[in-house]
1. Using Cα centres only, tell me the gap between the stretch 209-252 and the stretch 20-35 in whole Å.
2. Whole number in Å², please: accessible area per residue of the chain, 1.4 Å probe, ligands, DNA and RNA not counted.
3. Please give every one of the lysines within straight-line cross-link reach of Lys345, meaning a C-alpha to C-alpha distance under 17 Å, and leave out same-chain neighbours fewer than 8 residues apart.
4. Which of the trypsin sites (Lys or Arg not before Pro) found in the stretch 1-66 are loop residues per DSSP with 14 or fewer other Cβ atoms within 10 Å of their Cβ?
5. To the nearest 10 degrees, how steep is helix 329-347 against the longest Cα principal axis of the chain, on a 0 to 90 scale?
6. Can you list which of the trypsin sites (Lys or Arg not before Pro) found in the stretch 178-259 are DSSP loop residues with at most 13 other C-beta atoms within 10 Å?
7. I'd like the orientation of helix 434-448 relative to the chain: the angle between its Cα long axis and the longest Cα principal axis, in ° from 0 to 90, rounded to 10.
8. Under 10 Å, Cα contacts only: if you run a Gaussian network model on the chain, which one of Asp218, Asp169, Asp38 comes out with the highest mean-square fluctuation?
Amino acid sequence: MSSFVGRRAVVVGGGIGGLSVAGALAGYFEQVDVLERDCLAASAASRPGTAQDRHAHILLAGGLKALDEIFPDFERDLAEAGAVSVGLAQDICYERADVGALPKRDLGLSILCASRPLIEFVLRRRATAVANIALRQGCLVTEVMASRDAAHGVRFNTEAGQSETLETDLIVDASGRGALTIALLGTIGWQRPPVTEIGVDLSYATGVVQIPAGAIQDWKLATTQPAPPAVATYGALVPLEDGRWIATIANHGPSPRLDVWENFHAAFRRLITPTIYDMLGHARPLDRIRHYGFPANVWNHFERLQRLPRGVLPIADALCRFNPIHGQGMSSAAKQAQLLQNVLKQAATESDPLAAAQTGFMARVESVLQTPWRFSTSADLAFPETRGERPENFQKGREFEAALFRAAVADPVVHRAMAEVGQLLRHHDLFDEPHIMERIQAASAKAIA
Ligand SMILES: Cc1cc2nc3c(=O)[nH]c(=O)nc-3n(C[C@H](O)[C@H](O)[C@H](O)COP(=O)(O)OP(=O)(O)OC[C@H]3O[C@@H](n4cnc5c(N)ncnc54)[C@H](O)[C@@H]3O)c2cc1C
């Protein structure tokens, strides 16, 4: 009990971020209450509070590892629930205009593919099995309560329409937008966080399909990248539990609705290769086509504020939202939760562990966000219509990316390094290490000769 840093922590939001963080907090608070506005099904099901859950959700290897460390054997649980194991890169058809398809090598890494509702359900089952985590459904948090510079509780409406309050030592805002934390700053008259926005205006269309066994021969997951500036369309075909597949097409800029299967299927002709279009020729749609509009990558720079009110911590999408086509949000959320767990471990021995944990998390979270942010935004800024400031070295960065892909085709060591960074297993600094940089340069020199 001596390692507890507080009596109660409240987590706002029972999505991927909220559940991951509840697991991270459980060892350090006597009681962790997760307040979720939705009423939750006793199975893997889509729900209104996460409208994005009808679309493909890739859990990267770095996110899977973080969840497995917070909830030991999470990976086994997800596999047993039906998630499909996909080897990197031998089971993936990854297509780009400049290099063609990446080689299907065994890089010794794998991911598990499943629907977002299944991933969340397995996570929820693990979180709620922890004795001191309570998930309260149908609870809409309306306010973080504070006196002077310290938050001390939350006000929320219950399913029965009653307004209640809960006193707590720590409030983690995993509500997806950071609105509660920002409102609190406004109420107490503190500065709001600066915001960086990279506007992508991405239009998503997604269908769940069945594909006859044997139709797909040599890959388990296909992704076709756009070719900026001319082709601004991404496509993906990803396996799900129960032998289903999820097909997504996403476009920068406005897109006509693709409600009719034939129109949805035909839209895949816009991709740079016919791989997914051809495969969908064998497919039978199982549900109607779902749409989603994603305006912008948004980083609320809470970490740049001199301080936050005591007892408040924004996390996951509330802190930073990435263009979802790059598949990083859940994994980044899990890695932030893991960071908080590590920070709490160190803070537990401090004289004011709560303050030390808040300061420690805010000081280190940028290093967790840098790699996915750079990855997302540098790809997005390659489109002239993308809104936002290009970094000074932007053109150099694009040239480096092209060189990296060329080297990954030629050299398995670079291919593995690229996968490790892309899967959020390693920081992008890995590319600056001499043994990797030299290989990238050698591949470039060979290509020129
Ligand atoms: C179209 C689309 C596709 C995506 N694809 C991927 C992908 O392939 N891979 C990936 O890793 N990520 C993907 N993402 C991102 C991913 O969904 C999020 O980054 C991830 O879920 C982490 O979010 P979170 O926990 O912060 O928020 P969410 O998972 O959105 O959860 C927020 C929770 O808070 C609850 N809530 C909100 N307000 C309140 C309140 N006031 N009181 C109580 N509860 C509240 C909501 O009901 C919800 O349950 C995608 C996103 C979109 C939009």
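The values are calculated or read from the model by the stated rules, or taken from the named source; none is laboratory data. Because the structure is predicted, anything quoted here is derived from the model rather than measured. Counting neighbours? That spans all protein chains shown, and the Cβs are built from the backbone with ideal geometry, glycine included. Surface areas here come from the heavy atoms of the whole protein model, side chains and all, with no ligands, DNA or RNA. Shrake-Rupley method; radii C 1.70, N 1.55, O 1.52, S 1.80 Å.
1. What the calculation gives is 37 Å, centre to centre.
2. Heavy-atom accessible area per residue stands at 42 Å².
3. Lys335
4. none
5. Rounded to the nearest ten degrees, it is 40.
6. Passing sites in the stretch 178-259 are Arg257.
7. 30
8. Asp218
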